[in-house]
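Visitor: First, the structure itself, so that you have it in front of you.
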Amino acid sequence: MSATGLVIAVDGTSGSGKSSTCRGVAERLGLRYLDTGAQYRAMTWWMLQHGVDVDDAAAVAAASARPDIVSGTDPRDPTIVVDGRDVSVQIRSDEVNRAVSPVSAVPAVRERLVALQRDVVGDGGIVVEGRDIGSVVCPDAHVKVFLTADPSARAERRAAEEGGSDIASTQESLLHRDRIDSGRAVAPLVQSDGAVEIDSTHRSLHDVIDLVVGLADQSPSTASER
Ligand code: DC
């Protein structure tokens, strides 16, 4: 493991605070940041743009190799570029919210994106967020976190991020995605072996970042290396 080799894997449900936590941790520790959810969203956005029926798993699988997806890993300015176009805003639309779980359940999509993710992780020095990071993408990560929060807290945060969307419908949409993400056959959302659960419901973002940084500092294999 090189001096830049630390890998922090953060999995959890939608709206549990993963993105803010991971970006904050990466900034504090001088690490890169990868939002794998943005890649699944980018793949989904591309499918919708190209008229692929997102409920037709075979059609999604057949098209899954076509989009060129590039993630920028600066935690202060993470970007997601598809076929040369930055789609950071477009991938947060309701249309993508509705379609992303079925697209993410297609094995060919996951194979392609997991390969891309492992490429980006490379020798480490990165905080990676998603649903299957500790279980599939980086099972040897030095620090594994499973971030949770009550559905109402998650919906409030997500609605605020989305500029004041309706909280009840945001909660329904989050729970619907959780059901698909946790119930799918390939790489379902699970708390992976060795992951530390952090419930962010009653904690400030600052506290959660401190907890994750503390875990990284305690990690015997990496504390001396960073
Ligand atoms: O973290 P997010 O809400 O932006 O993720 C969007 C969707 O992508 C989520 O509903 C499930 C899927 N996803 C996944 O299946 N595996 C990952 N590693 C990350 C996200």
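Coordinate-derived values only; no laboratory data. Worth saying up front: this structure is predicted, and the values here are computed from it rather than measured. With ideal geometry, Cβ positions are generated from the backbone for all residues, glycine too; neighbour counts draw on all protein chains shown.
Visitor: Quick check: anything in region 171-180 within 12 Å of the ligand (Cβ to nearest atom), of a type in the set (V, I, T) and under 16 Å from the mean Cα position of the chain (by Cα)? Spell out how you get there, then give the answer.
Guide: Taking region 171-180 and keeping what is within 12 Å of the ligand (Cβ to nearest atom), we get 173-180.
Next, only the ones that are of a type in the set (V, I, T) stay: 180.
Still in the list and also under 16 Å from the mean Cα position of the chain (by Cα): 180.
Yes, that holds for at least one residue.
Visitor: I'd like the full set of residues that are closer than 12 Å to G12 by Cβ and either of a type in the set (S, T, Y) or within 16 Å of the ligand (Cβ to nearest atom) (or both), limited to region 181-197.
Guide: Answer for region 181-197, where residues must be closer than 12 Å to G12 by Cβ and either of a type in the set (S, T, Y) or within 16 Å of the ligand (Cβ to nearest atom) (or both): D181, S182, L189, V190, Q191, S192, A195.
Visitor: Sort through G194, G183, G214, G164 and tell me the only one that's closer than 22 Å to S88 by Cα and either touching a helix residue (DSSP H, G or I) at 6+ places or on another chain (Cβ under 6 Å) or of a type outside the set (K, R) (or both).
Guide: G164
Visitor: Between residues in region 157-184 that are among the basic types (K, R) and residues that are part of a helix (DSSP H, G or I), which pairs lie under 7 Å by C-beta distance while being six or more apart or on different chains?
Guide: Here the result reads R158/T170; R158/L174; R177/S101, each pair linking region 157-184 to a residue that is part of a helix (DSSP H, G or I).
Visitor: Right, here's the next one. Name the strands (runs of 3 or more DSSP E) wholly within region 80-185 that hold at least 3 residues that are crowded, with 22+ Cβ neighbours inside 10 Å?
Guide: Counting at least 3 such residues, we get 126-130, 143-148.
Visitor: Let me ask another. So which residues in region 89-98 are near the ligand (Cβ under 10 Å from one of its atoms) and of a type in the set (A, V, I, L, M, F, W, C)?
Guide: If the condition is that a residue be near the ligand (Cβ under 10 Å from one of its atoms) and of a type in the set (A, V, I, L, M, F, W, C), then I91, V96 are the ones that fit.
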